[in-house]
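A short worksheet on the structure shown next.
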Amino acid sequence: MILAWPVPATLAAGAQSQLPVARNLAHEAESNAREGRALLVLFSQHGCTWCERVRREFLLPMSRNAHYRSRVAFVQVDVDSDRALRDFGRRTTTHAAFARVIGVRLYPTVMLFGPDGERLAEPLVGFTGSDFYGAYLDRCIDEAVQKLHKG
């Protein structure tokens, strides 16, 4: 299913330009899975124009849409940050180290996770334009939610 997302005036004015920052992936994944939602993680790099487009054109509008909020929770991992993070194994690490450990090398990368940190869909790596990105993202979300509900 492909939905169109109007850009709210507050977003256009820059009211919120970030997704929630990941702090405790194990807790976030588990609590959202109890509500039937997958955890969508955007791996983003500071200054990355493509990351900003994915965030602004797709993920932020989706995070405000009730249909998507009922299916996925949105967080961001900053791949060039030393900000503390609890990984899926409840170990303390940093955003940058976590991204390296799970093999994120290109940005933006979107991954969907289940309650134990299992990947529920193939990662969506890079951004070549908005023509089909929404459809690819929807397909990943559909696959993730379907796997989550089967488990």
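None of the figures in this text is laboratory data; all of them are computed from the coordinates on show. Keep in mind it's a predicted model, so treat the numbers as computed, not measured. Glycine gets a Cβ as well: all are built from the backbone with ideal geometry, and neighbour counts include every protein chain shown.
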Could you work out the relative contact order of the chain, using alpha carbon pairs under 8 angstrom and six or more residues apart, expressed as a whole percent?
29 percent
Please identify, among GLN76, GLN18, GLN45, the residue showing maximal mean-square fluctuation in a Gaussian network model of the chain using a 10 angstrom Cα cutoff.
GLN18
Tally the DSSP beta bridges in the chain and give the antiparallel ones as a percent, rounded to 5.
55 percent
Taking the simple approach of a point 7 Å from Cα along Cα-to-Cβ for both GLU143 and ASP116, what is their distance in nm?
2.0 nm
Hey, in the GNM for the chain with a 10 angstrom Cα cutoff, which one of LEU59, LEU40, LEU124 fluctuates hardest?
LEU124
Multiply the residue separation of ARG83 and ARG53 by 0.36 nm, subtract the distance between their alpha-carbon atoms, and state the gained length in nm to one decimal.
8.5 nm
Amide H neighbours of GLN76 at under 5 Å, excluding residues fewer than 5 places away on the same chain, with H built from the backbone geometry, are VAL21, ALA22, LEU42
